[in-house]
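The values are calculated or read from the model by the stated rules, or taken from the named source; none is laboratory data. Values in this document were obtained by computation on a predicted structure and should not be read as measured data. All accessible areas refer to the heavy atoms of the entire protein, side chains included, with ligands and DNA or RNA removed. Shrake-Rupley method; radii C 1.70, N 1.55, O 1.52, S 1.80 Å.
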Amino acid sequence: MSWALEEWKEGLPTRALQKIQELEGQLDKLKKEKQQRQFQLDSLEAALQKQKQKVENEKTEGTNLKRENQRLMEICESLEKTKQKISHELQVKESQVNFQEGQLNSGKKQIEKLEQELKR
């Protein structure tokens, strides 16, 4: 097959054959260079796609973290409201206990007075 490809060169002057050989050498060199550059291009495109996917994943993660943060902030606000409500209820109950302790002490003093009067 290569003989048929070379057949057209028969009878050409030496200078023309040298020029053809030189051009074929340049063509082979350019083909190899093209192949290397295509490989580099493919590698760069693959790296670019990988980076794009990484950026997309990070955006998604950022969105998820924002959503989670918002949810946690709402929980904190709810817990703070509950804490304030319970704190208020505790103050009310402490006031009631103090009032009832005062009544109890007053009742004890009256009982002691009555007991002392009875002893007399």
ask   = Can you find a residue in the stretch 16-36 that is outside any helix (DSSP H, G or I), open to solvent by less than 100 Å² (accessible area, probe 1.4 Å) and small (Gly, Ala, Ser)?
value = no
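From the residues in the stretch 1-15 that are part of a helix (DSSP H, G or I) and open to solvent by less than 100 Å² (accessible area, probe 1.4 Å), which one is modelled with the highest pLDDT? Talk me through it step by step, then tell me what you get.
Of all residues in the stretch 1-15, those part of a helix (DSSP H, G or I) come to 2-7, 14-15.
With open to solvent by less than 100 Å² (accessible area, probe 1.4 Å) added as a condition, the list becomes 2, 4, 6-7, 14.
Numbers: Ser2: 62, Ala4: 65, Glu6: 78, Glu7: 85, Thr14: 93.
Of everything passing the filter in the stretch 1-15, Thr14 is modelled with the highest pLDDT.
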